[in-house]
């Protein structure tokens, strides 16, 4: 965009379009007209004086580019959102609500929104592992078409959170001891490498980002629910992976992200003491921020292996008990049928 060459008094406020306009002529408007064009709040807040436009003198002429106009004029002197005009009179797009700090609305397909809702419900335990889900039930509750729900469930199936069995329908995945073993061995290698890479290239920006993630985890451990602690825990580890800057590593981690979130929630629920979770992650963060790559990688790997083995053993014991109960039930049923 080319800058305007203009006199400060060539600026005026258009009440109808709520924009400041600028004409590249020296005598476009007189100071008195400009004063009458400005909102009444200028007189209240700034004693009715004309603003002293911040211009640069270049080649003996006042110079004011569009960025200076927006930053040094609109936001200083007006209480409601303004834009400034282009040479063709059209307002600068997107400035109206942005001056209020309002974020733009991002259009997201319905199936993605539905997948987000169902995914979060599965990960935080609202929908229990092993639960059967029907497309009709979700379609009615979420007020979406069955086709949209089917698309969302298929996406969750690719993430390992749902499974579709013929004649049985959709069911929520549950982590077995084998699933946990596969997850913690793969995850430990990814996070070991990530911690190593980040520690080797640690800088002030990475340190700040990591401290923020650790602080959020500490805050949730200080009084948050288990689901919030688990999410903060996951975000801490994901932050390290992202700081590593290896796009292929980030993509591989993202492919099992949903399963990792389920895994972390299960692991954290076994620790019982949030203080234990904080101390584990403080040690990893401290090693990374100090630049000790070897220590950071070893701590990251050990953290995954120890917690993973604990969860795998816990699930294996539950699976053994379930198998034993099933076998006992079958034996009892067999005896009853024989006696008859």
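Quick one: which of 139, 145, 131 is over 23 Å from the mean Cα position of the chain (by Cα) and buried (at least 17 other Cβ atoms within 10 Å of the Cβ)?
139
Have a look at 248, 265 and point out the one that is surrounded by fewer than 18 Cβ atoms within 10 Å (Cβ to Cβ) and in a helix (DSSP H, G or I).
Of the residues listed, the single one that is surrounded by fewer than 18 Cβ atoms within 10 Å (Cβ to Cβ) and in a helix (DSSP H, G or I) is 248.
Do we have any residue at all in the stretch 271-291 that's touching a helix residue (DSSP H, G or I) at 6+ places or on another chain (Cβ under 8 Å), assigned to a helix (DSSP H, G or I) and under 30 Å from residue 153 (Cβ atoms)?
No: zero hits.
With respect to residue 212, is the statement that it is surrounded by fewer than 21 Cβ atoms within 10 Å (Cβ to Cβ), within 17 Å of residue 191 (Cα to Cα) and under 16 Å from the mean Cα position of the chain (by Cα) true?
no
Can you pull out the residues in the stretch 153-199 that are without any contact (Cβ under 8 Å) to a residue 60 or more places away in the chain and under 22 Å from the mean Cα position of the chain (by Cα)?
Within the stretch 153-199, 153, 155, 157, 158 meet the criteria.
Would you point out which residue out of 309, 282 is within 23 Å of residue 129 (Cα to Cα) and touching a residue at least 60 places away in the same chain (Cβ under 8 Å)?
It is 309.
Could you list, in sequence order, the residues of the stretch 139-171 that are within 21 Å of residue 259 (Cβ to Cβ) and assigned to a helix (DSSP H, G or I)?
151, 152, 153, 154, 155, 156, 157, 158
Applying the selection to the stretch 169-206, what residues are surrounded by 21 or more Cβ atoms within 10 Å (Cβ to Cβ) and over 12 Å from residue 288 (Cβ atoms)?
Correct list: 170, 180, 183, 184, 187, 190.
Just so you know, all these numbers are worked out from the coordinates, no wet-lab data involved. Since the model is a prediction, treat every value here as computed from it, not as a measurement. Reconstructed Cβ throughout: ideal geometry from the backbone, glycine too, with neighbour counts over all protein chains shown.
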